[in-house]
1. How far is it, in nm, from the label point at C102 to the one at D180 when both lie 7 Å from their Cα along the line to the Cβ?
2. At 1.4 Å probe size, with the rest of the protein present, what percent of the exposed accessible area of the stretch 19-148 is carbon and sulfur atoms?
3. M115 accessible area, nearest 10 Å², 1.4 Å probe?
4. Rolling a 1.4 angstrom probe over the protein chains, ignoring ligands and nucleic acids, what is the accessible area of H227 in square angstrom, nearest 10?
5. As a check on your grasp of the helix formula, calculate [θ] at 222 nm for the chain: sum -39500 (n - 2.57) over DSSP H runs of n ≥ 4, divide by the residue count, round to the nearest 500.
6. Note down the nm distance, to one decimal, between modelled labels 7 Å out along Cα→Cβ at M67 and at Q154.
7. Each residue of the stretch 57-73 in order: what ³J(HN,Hα) in whole Hz does its phi give by Karplus 6.51 cos²θ - 1.76 cosθ + 1.60, θ = phi - 60°, with x for Gly and Pro?
8. Which of V145, S182, P158 sits closest to the plus end of the dipole of the stretch 136-194, meaning its Cα is farthest towards the positive end, when Lys and Arg get +1 and Asp and Glu get -1 on the C-beta?
Amino acid sequence: MARITAGVTTSHVPAIGAALDLDNDTTEYWAPVFAGYKWSQEWIAEERPDVVILVFNDHASAFSLEMIPTFAIGCADEFPIADEGFGPRPVPTVLGHPGLACHLAQSLILDEFDMTVINQMAVDHGLSVPMSLMFGRTDAWPVRVVPIAVNVVQFPPPTGERCFKLGQAIRRAVQSYPEDLSVQVWGTGGMSHQLQGPRAGLINQPFDNAFLDHMTGDTSYLRSISHIEYLREAGSEGIELVMWLVMRGALGENPIELQRFYHVPASNTAVGHLVLTASK
Ligand code: DHB
Ligand code: FE
């Protein structure tokens with residue numbers, strides 16, 4: 001049977017991808033950011049998961065404002081890298097796992113999560129930057145990916161509680177897939193940041209650290225954070241943190257923190273990163 005072995009969360013700042021692609025990752029500004037992922041790169045090279053269910057948000061790259069699914073799942077064989085204005089990032093095409101993805105779509109929809117099925121999608125920095133942070137520069141990603149896109153760009157996004165429950169449903173779905181697969185669930189985005197308006201540049205370190213603290217143990221605080229609290233405390237883009245709750249819901253009770261990294265700033269964002277192992 002397939003099983004969820006671990007979870008990863010990380011910010012997905014596009015400038016991190018640009019720093020790697022332009023060979024700026026060893027500069028004084030960027031070296032401390034990449035240092036925070038060294039342990040995780042070594043860990044994942046040993047773990048060798050078969051599939052990553054990668055929960056991210058599209059930033060109006062694949063979906064225009066004409067159509068915005070709340071929850072969507074990528075069932076394609078492969079996902080090209082999106083052109084976000086400077087040409088696609090020079091990183092490998094992302095290979096999917098249509099077998100697991102179609103099983104997840106069926107299981108989640110029958111479990112009352114009305115997923116949009118995606119058969120063609122280019123993936124933007126929300127997905128490619130976490131891949132680069134975890135796997136570094138490579139000619140071929142060493143893992144298959146099932147992308148799950150969550151709307152956090154157009155009000156109303158789903159609640160954190162709903163995202164946590166989606167994670168729980170993902171756990172049930174993976175555990176009913178007959179193939180013997182080691183599956184990780186990742187949640188990207190966050191931490192506190194605001195990209196526009198009078199509060200542009202907002203970072204709230206006490207809020208971020210409390211969020212990191214609560215990712216293990218009792219989740220009731222995280223699940224109760226309302227949209228207005230995200231906006232007030234973590235800035236307009238802090239709502240991306242609801243995607244971390246999908247990962248947390250998928251890990252079951254009492255996951256163990258293996259790695260934590262927090263760094264301010266990277267571009268406009270407080271970078272946060274966790275590696276958790278799933279309970280049995
Ligand atoms: C930044 C962060 C994001 O999560 C994003 O999607 C775009 C930009 C930033 O910090 O610049
Ligand atoms: Fe983002």
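1. Result for the modelled spin labels: 2.4 nm.
2. Working: 3140 of 6260 Å².
The nonpolar share, carbon plus sulfur, comes to 50 percent.
3. Probe radius 1.4 Å; accessible area of M115 about 20 Å².
4. Surface accessible to solvent at H227 totals approximately 50 Å².
5. On the way: 10 runs with 95 residues, N = 280.
Rounded to the nearest 500, it is -10000 deg cm²/dmol.
6. About 1.1 nm, to one decimal.
7. 10, 7, 9, 6, 9, 8, 9, 7, 6, 6, 8, 10, x, 6, 10, 9, 10
8. It is P158, whose Cα lies furthest towards the positive end.
The values are calculated or read from the model by the stated rules, or taken from the named source; none is laboratory data. Since the model is a prediction, treat every value here as computed from it, not as a measurement. Here the Cβ is made from the backbone with ideal geometry for all residues, glycine too, and neighbour counts use every protein chain on show. Keep in mind that these areas ignore ligands, DNA and RNA; they rest on the heavy atoms of the full protein, side chains included. Shrake-Rupley method; radii C 1.70, N 1.55, O 1.52, S 1.80 Å.
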